[in-house]
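Reviewing the structure listed below.
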Amino acid sequence: MKILVTGGAGFIGSSLCIRLKAKYPEYSIIAFDNLRRRGSEINLADFKKWNIDFIHGDIRNAEDLSGVGSFDVLVEASAEPSVLAGLNSDPGYVINNNLYGSINCFNLCLKYKAKLIFLSTSRVYPIDKIEQAGYIEEETRFSFSDNQKEKGISSKGISEELDLFGPRSFYGTTKLSSELFIQEYAAFYGLSAAITRFGVIAGPRQMGKTDQGVVTLWMAKHFWKQSLQYIGYGGMGKQVRDILHIDDLVDLIDVQIHQIEKFTNKIFNAGGGIQNSVSLLEMTNICEKVTGHKINVGSDKNNRPADLRMYVTDNSKIESEIGWKPKHSIEKIFTDIYEWIKNNEDLLKNILNGK
């Protein structure tokens, strides 16, 4: 089998390429990336070590993709992942990359009759519906209450039944638009595709920043004893996300590659779930325990644009229909990131803002 991974030198892409090559050494794995994100270039040495082909190109340029040649499966992991993209800058880049670039990938799949694995996002769900949901304020976190007005929200989190009407960020809108185009390609051109709405993903190889990769950022700041801030919602650090270990994501994509018929004409949420949910305050406590370092954490009560008080993935549908569920605990996620930083300290210290 020949598998093309767009965004192949990114966090998800590089992890996927290496894990698949390790499990299926007879497969041909191609990582396609424009190396725009700082730190992605360090993965090239690992690609060479694992005999993974690398092509430097941009999905926005159909000519770059045309040089790839035929393949069996395309995993589209090349998105601009920042929720703030287009809100604090010209929205042209996120639209061109996440929508028009993705459409170039869909057309390439048609050309070679290849399967498509599309990594969508929980950010397709409207901000206002989640922000207006009933919640409980606990000692260290916010939680969804059992009494909700909106279908698709419960104490277990957000399910696929939540209504999609309303603004969600340029990032979320481009991913939702791509989902809709995939459905058109599937209906009228016979494209075989799997669409998954992933929540927060974390683990080794992630070059963490404030707007994307916050788990790695939190651990890195503790590792190098630098300061952090709780931003928004009173500045208490009670906002919550569920976290999915990168290895659990790779396991799901492995199933999609080999049994895509289970995912045809369906859309699933996939995240860490309520058992792997954590607040910023709780993240601080975990990082202190793992690193042995206590750092200064400031407070800014002002909310950021498009932020959410909490998001937790309700995995009920994918668990019942596919049998997939996350295997790695929240503690395992943080420990694995710590070990990765510790073992690659010199390589990562400038990229992750360490001194």
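The values are calculated or read from the model by the stated rules, or taken from the named source; none is laboratory data. Quick caveat, the model's predicted, so the values are computed rather than measured. Every residue, glycine as well, gets a Cβ built from its backbone with ideal geometry; the counts of neighbours run over all protein chains shown.
Restricting Leu180, Leu84 to those that are surrounded by 15 or more Cβ atoms within 10 Å (Cβ to Cβ) and in the same structural domain as Arg36 (by TED's automatic domain parsing) reduces the list to Leu84.
Note on the stretch 136-246: enclosed strands (runs of 3 or more DSSP E) holding 3 or more residues that are more than 22 Å from Leu87 (Cβ to Cβ) are 142-144, 193-198, 240-245. A Cβ distance below 7 Å, combined with a sequence gap of six or more or placement on separate chains, defines the contacts here; from the stretch 250-268, residues that are more than 16 Å from Ser14 (Cα to Cα) reach residues that are part of a helix (DSSP H, G or I) and among the charged types (D, E, K, R) in the pairs Ile267/Glu179; Phe268/Lys317. Condition first: of a type outside the set (A, V, I, L, M, F, W, C) and under 17 Å from Ser277 (Cα atoms). Now tell me which residues in the stretch 111-130 satisfy that. Correct list: Thr121, Ser122, Arg123.
Condition check: surrounded by 16 or more Cβ atoms within 10 Å (Cβ to Cβ) and among the aliphatic types (A, V, I, L, M). Does Leu110 satisfy that? For Leu110, the condition - surrounded by 16 or more Cβ atoms within 10 Å (Cβ to Cβ) and among the aliphatic types (A, V, I, L, M) - is not met. Taken together, the criteria exclude Ser66 from residues that are surrounded by 22 or more Cβ atoms within 10 Å (Cβ to Cβ), in the same structural domain as Ser177 (by TED's automatic domain parsing) and among the polar types (S, T, N, Q).
Listed by position, the strands (runs of 3 or more DSSP E) enclosed by the stretch 28-126 that each have at least 1 residues that are without any contact (Cβ under 8 Å) to a residue 60 or more places away in the chain and of a type in the set (A, V, I, L, M, F, W, C) are 28-33, 53-56. Based on what the data block shows, is Leu244 touching a strand residue (DSSP E or B) at 6+ places or on another chain (Cβ under 8 Å) and under 24 Å from Ala79 (Cβ atoms)? Taking the combined requirement at face value, the residue satisfies it. Restricting the search to strands (runs of 3 or more DSSP E) fully inside the stretch 252-313 and requiring at least 3 residues that are buried (at least 16 other Cβ atoms within 10 Å of the Cβ) gives 267-270, 277-279.
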